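The values are calculated or read from the model by the stated rules, or taken from the named source; none is laboratory data. Note that the coordinates shown come from a computational prediction; the quantities given were computed from them, not determined experimentally. Here the Cβ positions follow ideal geometry from the backbone for every residue, glycine too, while neighbour counts run over all protein chains shown. These area figures cover heavy atoms from the full protein model, side chains too; ligands, DNA and RNA do not enter into them. Shrake-Rupley method; radii C 1.70, N 1.55, O 1.52, S 1.80 Å.
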Amino acid sequence: MAENILKIGDLTLKHPIIQGGMGVGVSRSRLAGAVAREGGMGIISTAQIGYDEPDFYEHPMETNLMAVKKHLKLAREEANGGVVGFNIMVATRGYEQYVRTAAEAGADTIISGAGLPVDLPAYVAGTNTKIAPIVSSEKAAKVILKFWDRKYKRTADFIVIEGPKAGGHLGFSREQLDQLARQELDYEQEIGRILTVVKGYEEKFSQKIPVVLAGGIFDHSDVQHALQLGADGVQIATRFVATKECDAADAYKQAYIDASEEDICIVDSPVGMPGRAVNNNFLKNVAGKEPITNCTRCLEHCNPAEAPYCITKALIEAVKGNLDQGLIFCGSNVGKIHEIVTVKELMQELCLK
């Protein structure tokens with residue numbers, strides 16, 4: 001795969017691999033910097049990125065925005081000139097502020113999902129930050145690209161297609177996930193339809209719009225299959241958790257190694273979306289039994305009076321290694337992971353180099 005570079009405008013990745021954004025705190029500067037140093041795109045998640053800063057609970061927004069700049073700077077120091085960006089969820093309260101802060105700080109890219117990033121172009125205007133929506137359907141791709149075309153006279157710098165095997169919050173209903181599991185729906189056909197939509201905008205704007213596939217990409221053969229489907233690259237998250245450089249606690253990484261396919265479940269997130277996670281003691285015994293007493297108002301559509309648990313608290317406990325009080329998001333192939341490796345070793349495996 002040495003010849004499979006990925007070009008996004010004036011950015012060049014030595015390898016067509018983007019490390020997926022994982023919050024809270026799973027992919028911050030250490031992991032993103034290491035991936036960028038090895039020729040992939042390192043992605044920092046802004047989701048409660050400042051969770052371990054002293055003023056987080058008193059001033060969560062201000063602390064998080066400070067941490068965005070802090071972790072970009074730290075990642076740059078590790079990246080040796082590599083490409084570093086952010087994953088910023090549209091559902092984040094203060095989404096515009098996060099995007100503007102990241103772009104003004106000099107982020108190479110911003111990838112946005114968990115909603116339709118219809119005004120993302122406005123928030124990066126005047127910067128060189130590349131932008132990409134995450135889509136899971138032809139309909140979403142059409143809506144976003146049409147809106148950006150009409151309102152902003154521009155298109156995406158690249159597109160991330162996230163399939164049903166991804167970890168964390170999913171862009172599918174439970175019914176769709178069940179149909180896909182029963183093979184009643186062929187998601188590769190949907191990928192083809194999205195590629196057709198993108199091609200139309202490539203022709204209109206006379207520019208290449210790279211397409212990146214995400215969700216269930218585990219090894220070199222999966223990477224090759226994605227490229228054969230017509231993608232220009234892949235986004236991988238779960239595999240990067242089981243690396244020495246991942247920002248999560250060792251206990252979190254060990255949970256990935258210990259998990260089997262039978263341990264994976266689909267959960268109802270407090271924000272109203274299905275998510276894929278490890279079915280641990282938290283989900284069995286804690287979720288739904290603890291009142292939310294210290295809400296940081298992290299997400300637009302989360303009502304603490306009705307939510308079954310505080311997703312911020314659950315994700316923070318997990319990343320710190322307190323797994324019995326934590327929610328452990330994962331991808332569908334977590335059961336295949338059996339060891340901790342370095343980012344360099346993983347990149348070499350994925351690229352067979």
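Structure notes:
- Counting only heavy atoms of the protein chains and using a 1.4 Å probe, residue 12 has close to 70 Å² of accessible surface.
- Counting only protein chain heavy atoms and rolling a 1.4 Å probe, the accessible areas of 136, 206, 221 rank, largest first, as 206, 221, 136.
- For the stretch 1-108, the fraction of alpha-carbon pairs in successive 5 Å shells from zero, as %: 2, 14, 24, 24, 18, 10, 5, 2, 1, 0
- Separation of alpha-carbon centers, the stretch 208-223 and the stretch 71-139, rounded to whole Å: 20
- Cβ-defined net charge surrounding residue 225, 12 Å radius [Lys, Arg +1; Asp, Glu -1]: -3
- The trypsin sites (Lys or Arg not before Pro) of the stretch 68-153 that meet both conditions, a loop assignment by DSSP and at most 14 other Cβ atoms within 10 Å of the site Cβ, are 153.
- Ranking of 84, 143 by solvent-accessible surface, largest first: 143, 84 (1.4 Å probe, protein heavy atoms only, all chains present).
- The stretch 220-234 - phi-based ³J(HN,Hα) in whole Hz, Karplus 6.51/-1.76/1.60, Gly and Pro as x: 4, 5, 5, 4, 4, 4, 4, 5, 5, 6, x, 6, 9, x, 10
- 3J(HN,Hα) from dihedral phi, the stretch 198-215, Karplus parametrisation 6.51/-1.76/1.60, rounded to Hz, x for glycine, proline: 4, 4, x, 7, 4, 5, 5, 9, 6, 8, 6, 10, x, 10, 10, 8, 9, x
- Taking the protein heavy atoms of the chain in the context of the full set of protein chains, the accessible area attributed to carbon and sulfur is 47 percent at 1.4 Å.
- Among the protein heavy atoms, those of residue 101 account for about 20 Å² of accessible surface (1.4 Å probe, every chain in place).
- Of all DSSP beta bridges in the chain, antiparallel share, percent nearest 5: 30
- Ranking by accessible area, most exposed first, for 225, 338, 15 with a 1.4 Å probe: 338, 225, 15
- Entry note, the chain: relative contact order of 18 percent, from Cα contacts under 8 Å with a spacing of 6+ residues.
- When the surface is traced with a 1.4 Å probe over the full set of protein chains, residue 51 keeps roughly 30 Å² accessible.
- Sparsely packed GluC sites (Glu not before Pro) within the stretch 13-101, loop by DSSP, other Cβ within 10 Å at most 12: 58
- Heavy atoms of the protein chains alone define the surface here; on that basis the stretch 9-69 has 31 Å² accessible area per residue at 1.4 Å probe size.
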